[in-house]
1. Do you know which of the residues in region 314-344 that are within 30 Å of S262 (Cα to Cα) and not aliphatic (A, V, I, L, M) is modelled with the lowest pLDDT?
2. Of the residues that make up region 315-323, is at least one without any contact (Cβ under 8 Å) to a residue 60 or more places away in the chain, outside any loop (DSSP other than H, G, I, E, B) and buried (at least 18 other Cβ atoms within 10 Å of the Cβ)?
3. Name, by its number, the condition in (1) buried (at least 21 other Cβ atoms within 10 Å of the Cβ); (2) of a type in the set (A, V, I, L, M); (3) within 25 Å of the chain's Cα centre (by Cα); (4) under 26 Å from R344 (Cα atoms) that does not hold for A215.
4. Is there a residue being closer than 30 Å to T253 by Cβ and in contact with an Asp or Glu (Cβ under 8 Å, 6 or more places away or on another chain) anywhere in region 162-180?
5. Find all pairs meeting these conditions: Cβ atoms under 6 angstrom apart; at least six residues apart or on different chains; first residue within region 239-267 and in the same structural domain as M221 (by TED's automatic domain parsing); second residue small (G, A, S).
6. Please go through region 272-297 and give me each residue that is buried (at least 21 other Cβ atoms within 10 Å of the Cβ) and either outside the structural domain of L332 (by TED's automatic domain parsing) or more than 23 Å from A325 (Cβ to Cβ) (or both), ordered by number.
7. Just checking, does region 79-96 include any residue being among the aliphatic types (A, V, I, L, M), surrounded by fewer than 13 Cβ atoms within 10 Å (Cβ to Cβ) and closer than 30 Å to S321 by Cα?
8. What helices (runs of 4 or more DSSP H) completely inside region 25-130 contain at least 2 residues that are farther than 30 Å from A334 by Cβ, free of Cβ contacts under 8 Å to residues at least 12 places away in the same chain and β-branched (V, I, T)?
Amino acid sequence: MSAAVTERRATAPAHSLLSQRRLPRWAPAGIAVAAIVLAVVIGLAAGLTSHVQWGLIALALFVAGTYLVTARVEGRRQARDRVATSAVWACFILAVVPLYSLVQTTISKGVKVLDGYFLGHSMAGVVTTQPGGGVYHAVIGTLEQVALASVMAVPVGLLTAVYLVEYGRGRLAKWVTFFVDVMTGIPSIVAGLFILAFWIIILGFGYSGFAGSLALAILMMPVIVRSTEEMLKLVPNELREASLALGVPKWRTILKVVLPTSVGGILTGVMLAVARIAGETAPVLLLVFGNQLINNDPFNGAQSSLPYYVYEQYANGNDASFDRAWAAALVLIAFVMILNLVARGIARWKAPKTAGR
């Protein structure tokens, strides 16, 4: 038997032996290096000065080279598999590069004036063309406005999602779903105009941080409803049925079983909603109105916020204001990142314990 197998292998066609080979582990890295070198050569020869163009050429050469080399050594079937994997990595790189560029640019430009003085002082008495001043009043405004919007939007969004998943039947549930879908696509400027017409023009209230938080709450609610609804749908029905079989009321089943099981995803959705409204500028421009001084009362008088501060400083059009705008943008990014880290920690703490944990 062994001799027959050896003889059959010896007389096998060359392409059969070739298709049984495998590329070494370093082959993808080698193809990538070759693609980068060729991309640089092509870019220099064509007079391309943008490194982004060089990178796109390198990605295309990497995918094409992966297919050609793999098809030659391992066969077309394996080549298609490797090309699919290479395309996934290429798309991942294309998605990460802009994010890295954004963060790197913001950090490099924002750290110029970001210090304790900048975080602890307002723009009171500061000439916009001169260095100095800070972002303290804008940080206070953002914290208060986002907190008020969350207090209004989170309970309404959670209860709406619970109704749609656990109780929603018939025409009312369809209409609620329809309006949630419509609100998801509402531009922020429309929400700001609505609150401007209703709260300030019709009811006669003045510009304030609370007026801005009303518009932010409108933008926040559909995101919470949609994310919470999807998380509640992922809870197995067996858990509900087991609780109901023990005689537990449905409201208590939702409170003690369904919500704790999906708390991680719910918090993630809430943080996504907070991240969206934290950077909104249009409602703030219309309703909060901006303020150079510190105003700790969101219900009385104009306030500032981080997005408004960035817009305001960048619109001044001088180097000192540009530095303050980049520093405020960096503070805003750090604010959203801290919120996400806190949410992940709470979600991990509140997540149901399994046997392996």
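The values are calculated or read from the model by the stated rules, or taken from the named source; none is laboratory data. This one's a predicted model, so the numbers in the text were calculated from it and none came from an experiment. Cβ coordinates were reconstructed from backbone atoms using ideal geometry, including for glycine residues, and neighbour counts include every protein chain displayed.
1. Just the residues of region 314-344 that are within 30 Å of S262 (Cα to Cα), to begin with: 332-344.
Checking which are not aliphatic (A, V, I, L, M) leaves us with 335, 340, 344.
Details: F335: 89, N340: 79, R344: 76.
Selected residue: R344.
2. No, region 315-323 contains no residue that is without any contact (Cβ under 8 Å) to a residue 60 or more places away in the chain, outside any loop (DSSP other than H, G, I, E, B) and buried (at least 18 other Cβ atoms within 10 Å of the Cβ).
3. Looking at each condition in turn, A215 falls short on (4).
4. The first filter runs over region 162-180 and keeps only residues closer than 30 Å to T253 by Cβ, leaving 162-180.
Filter again for in contact with an Asp or Glu (Cβ under 8 Å, 6 or more places away or on another chain), leaving 164-165.
Yes.
5. From region 239-267, the pairs are T253/S243; V257/S243; G264/A347; G264/A351; L267/A343; L267/A347.
6. A273
7. Yes, that holds for at least one residue.
8. Details: elements: 27-46, 51-73, 76-110, 116-120.
Where helices (runs of 4 or more DSSP H) fall fully within region 25-130 and carry at least 2 residues being farther than 30 Å from A334 by Cβ, free of Cβ contacts under 8 Å to residues at least 12 places away in the same chain and β-branched (V, I, T), they are 27-46, 76-110.
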